[in-house]
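Everything below concerns the one structure shown next.
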2 protein chains.
Amino acid sequence: MDLQETCVESAVVYDGCLLHVNRDTVRLPDGSLSVRECIKHPGAVAVLALQDNGNLIMERQYRYGPQREFFEIPAGKIDHGEEILVTGQRELLEETGFVASVWIHLTTTYPCIGYSDERIEYFLARGLTKQQRNLDDGEFLEVFELSLEEAIEWVRCGRINDSKTIIGLFWLEKYLKDWRV
Amino acid sequence: MDLQETCVESAVVYDGCLLHVNRDTVRLPDGSLSVRECIKHPGAVAVLALQDNGNLIMERQYRYGPQREFFEIPAGKIDHGEEILVTGQRELLEETGFVASVWIHLTTTYPCIGYSDERIEYFLARGLTKQQRNLDDGEFLEVFELSLEEAIEWVRCGRINDSKTIIGLFWLEKYLKDWRV
């Protein structure tokens, strides 16, 4: 069965600092018309920064949408025209002060397919050395270290419940042995 | 360090059929003011419907935001005032035609903390029997069965890349043995 929905008319209904919302009229598979609203997003990169001692570089950050703090892996939006590897390197340095000598692309996921075109590119970063972090204006976060085992336990008990972080941690636990790095 | 951001002023900047967007002025931890834009979302429920033969009930659905098809577990939004168990039962029946005699809550995740307050509640559904599905207007999707082993392989190779589905599958693979159901 062909499930595709084709755009008949597209309108930008909100064009903000962070969020850009489209309201499109679409033709459905049965020929009828409907409305689809969605966020246009440039995509993001998330980084599993794993030290030689087995600890991951983690962040504690307040998130205004859900109105609470989260424990997260470093991540950030892709700047216009930026290579995803460069985004990963830039965000890791800006947010945590770490640089990595080895970067391995793990996977691509879609966090919010119901109303956003965002994709998240995951990297494993190894060979970490500490430099100076340089947060964006208006960005406040605390950096800490956590073993993969402890992080997985935090997922199980619900202390880590950010989706991008859960996927990254499960992926690392499941497939790390395959890479021999 | 206190990382909380407090709302100074809140405005609804887009109030659509599906999407509701707020643009708030907030006070940051250093006392300065900034703007936060976020989606107000009622939350969703996702269902891992596992048959006695080991097959999961899966869906193939076109998603207009990312402009492509995805393989997904059944899921849907919480209606106003609805219990999450009722949402899970309703969505599973509407989308796939299955009812389940055993429902186990697995976990709660936040799919999109950068710009949405959405949370996803996960249930495992067992004791499945087939009835008649009843899709919402404008909803088109195909139902199929897939073994957990095959689904995990589809995640590894990128054929399944919807975040809510990845988390559900990894969770089931990792913890199913703990429940003895």
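Each value in this text was obtained by applying a stated rule to the coordinates, not by laboratory testing. Just so it is clear, the structure is predicted and the values come from calculations on it, not from any experiment. Here the Cβ is made from the backbone with ideal geometry for all residues, glycine too, and neighbour counts use every protein chain on show.
Observations on the structure shown:
- Within the stretch B:29-58, backbone nitrogen closer than 19 Å to the virtual label 7 Å beyond the Cα of residue B:83 toward Cβ: B:43-48
- Top of A:16, A:76, A:114 by mean-square fluctuation, Gaussian network on chain A, Cα under 10 Å: A:16
- Of the residues A:7, A:56, A:38, the one whose Cα sits farthest towards the positive end of the charge dipole of chain A is A:56 (charges of +1 on Lys and Arg Cβ, -1 on Asp and Glu Cβ, taken about the Cα centre).
- Counting Cβ atoms of other protein chains within 10 Å of each Cβ in B:13-24 and taking the mean gives 5.
- Between B:158, B:138, B:43, the GNM of chain B built on Cα springs shorter than 10 angstrom shows B:138 fluctuating the most.
- Chain A: most fluctuating residue of A:135, A:28, A:92 per GNM, C-alpha cutoff 10 Å: A:28
- Value of [θ]222 nm, deg cm²/dmol, for chain B, DSSP H segments ≥ 4, -39500 (n - 2.57) each, nearest 500: -6000 deg cm²/dmol
- For residue A:10, inter-copy separations between label points set 7 Å beyond Cα along the Cβ vector come to 3.2 nm, shortest first.
- Charged-residue dipole, Cβ positions (Lys, Arg, Asp, Glu), the stretch A:44-179 about Cα centre, Debye nearest 20: 320
- Position residue A:103, label points 7 Å along Cα→Cβ, spacing to each other copy in nm (shortest first, one decimal): 4.5
- log₁₀ of I(q)/I(0) at q = 0.12, 0.20 Å⁻¹ - the stretch B:93-181, Debye sum with one point per alpha carbon: -0.47, -1.28
- Shape metrics for the stretch B:122-163, restricted to C-alpha atoms - Rg then Dmax, Å: 13.5, 34
- Cα-only radius of gyration and Dmax that characterise the stretch A:1-107, units Å: 19.0, 58
- Farthest positive-ward along the stretch A:40-160 dipole, Cα basis, beta-carbon charges - from A:66, A:146, A:158: A:158
- Extension reserve of the residue B:108-residue B:69 stretch, reckoned as 0.36 nm per residue once the Cα distance is removed: 11.5 nm
- Considering every alpha-carbon pair of chain A, the percent of pairs per 10 Å bin, from zero through the bin containing the longest distance, is 9, 33, 32, 17, 9, 1.
- Exposed loop sites here mean trypsin sites (Lys or Arg not before Pro) with a DSSP loop assignment and at most 12 other beta-carbon atoms within 10 Å; chain B contains its longest site-free run at B:1-158.
- Low-density loop positions, GluC sites (Glu not before Pro), the stretch A:86-181 - DSSP coil, at most 16 other Cβ in 10 Å: A:139
- Size of electric dipole in the stretch A:79-130: Cβ of Lys, Arg +1 and of Asp, Glu -1, about Cα centre, debye, nearest 20: 320
- Given charges at beta-carbon only (K, R positive; D, E negative), |dipole| of the protein assembly as shown in Debye: 700
- Put the Cα centre of the stretch A:65-117 next to the Cα centre of the stretch B:118-157 and the gap is 28 Å.
- Per the Debye calculation on the protein assembly as shown with a single equal scatterer at every Cα and no solvent contribution, log₁₀ I(q)/I(0) for q = 0.06, 0.13, 0.15 Å⁻¹ amounts to -0.22, -1.09, -1.43.
- Residues A:112, A:7, B:157, arranged from fewest to most other Cβ atoms within 10 angstrom of their Cβ, appear as B:157, A:7, A:112.
- Cβ-vector label at 7 Å, residue A:150, separations to other copies in nm: 4.2
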